[in-house]
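Single-structure report; data block below.
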Amino acid sequence: MNVKSMIDILTAVAFATVLIFTVPVLAADAIYSNWQGAIAGYDPVAYHTAGKPVKGVSNFTTEWKGAKWYFVSAENRDRFAAEPEKFAPQYGGYCAYGVAKGSAVKIDPEAWYIVRGKLYLNYSKGIQKTWVDNQVKYITAADKNWPNVLN
């Protein structure tokens, strides 16, 4: 094997590695997931029960809609497994503002809001502020756009 072939192979491997670790995986059922799991490894139940984002742990996981979900406790995992639609974020965990604007955008799990018992995530805290200022308008638009934004 010559040096150019070796460089081409190494470049391809490096590029594939970057994609695996930085691009969200579009699961069959459209859950925002990256190498850390669904919604970047955060416990979806904790938003509702603890009132804050909490990173899940590998001891407590479940699979739902083609994604791996992490939880802080067996109790949270079991609550989610019993009623996933109650706890899962809207729009598959993609940014609610992005979906309202017609795009499936990654999220910052620290940028969140619960409206009428439903969890909404945003790209950033700055975007979240914009979204909160007119959330009825953005939720209405996102409801119309979802899941077509994935096409």
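Okay, here's what the table says:
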{"read-out": "Relative contact order (%) - criterion: Cα under 8 Å, at least six apart; region: segment 28-126", "value": "24 percent"}
{"read-out": "Pairs of alpha carbons in segment 91-151 whose separation is greater than 18 Å (percent)", "value": "20 percent"}
{"read-out": "Order by protection proxy (mean Cβ within 10 Å, highest first), peptides 65-77, 105-117, 30-42, 88-100", "value": "88-100, 30-42, 65-77, 105-117"}
{"read-out": "Long-range amide H partners of K68 with built H, under 5 Å", "value": "A38"}
{"read-out": "Candidate lysines for bridging to K101, where Cα separation is under 19 Å - those fewer than 8 sequence places away on the same chain excluded", "value": "K125, K129, K137, K144"}
{"read-out": "Portion, in percent, of the accessible area of segment 60-125 that falls on carbon or sulfur, probe 1.4 Å", "value": "45 percent"}
{"read-out": "For V57, residues with placed amide H under 5 Å, excluding near neighbours", "value": "F71, V72"}
{"read-out": "For segment 31-102, accessible area per residue (1.4 Å probe, heavy atoms of protein chains only), Å²", "value": "42 Å²"}
{"read-out": "Computed magnitude of the charge dipole of segment 82-140 (debye, nearest 20; Cβ of K, R +1, Cβ of D, E -1)", "value": "160 debye"}
{"read-out": "Alpha-carbon Debye profile of segment 52-97, log10 I(q)/I(0) at 0.15, 0.16, 0.29, 0.34 Å⁻¹", "value": "-0.37, -0.42, -1.23, -1.35"}
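The values are calculated or read from the model by the stated rules, or taken from the named source; none is laboratory data. No experiment lies behind these values; they were computed from the predicted model shown. Every residue, glycine as well, gets a Cβ built from its backbone with ideal geometry; the counts of neighbours run over all protein chains shown. These area figures cover heavy atoms from the full protein model, side chains too; ligands, DNA and RNA do not enter into them. Shrake-Rupley method; radii C 1.70, N 1.55, O 1.52, S 1.80 Å.
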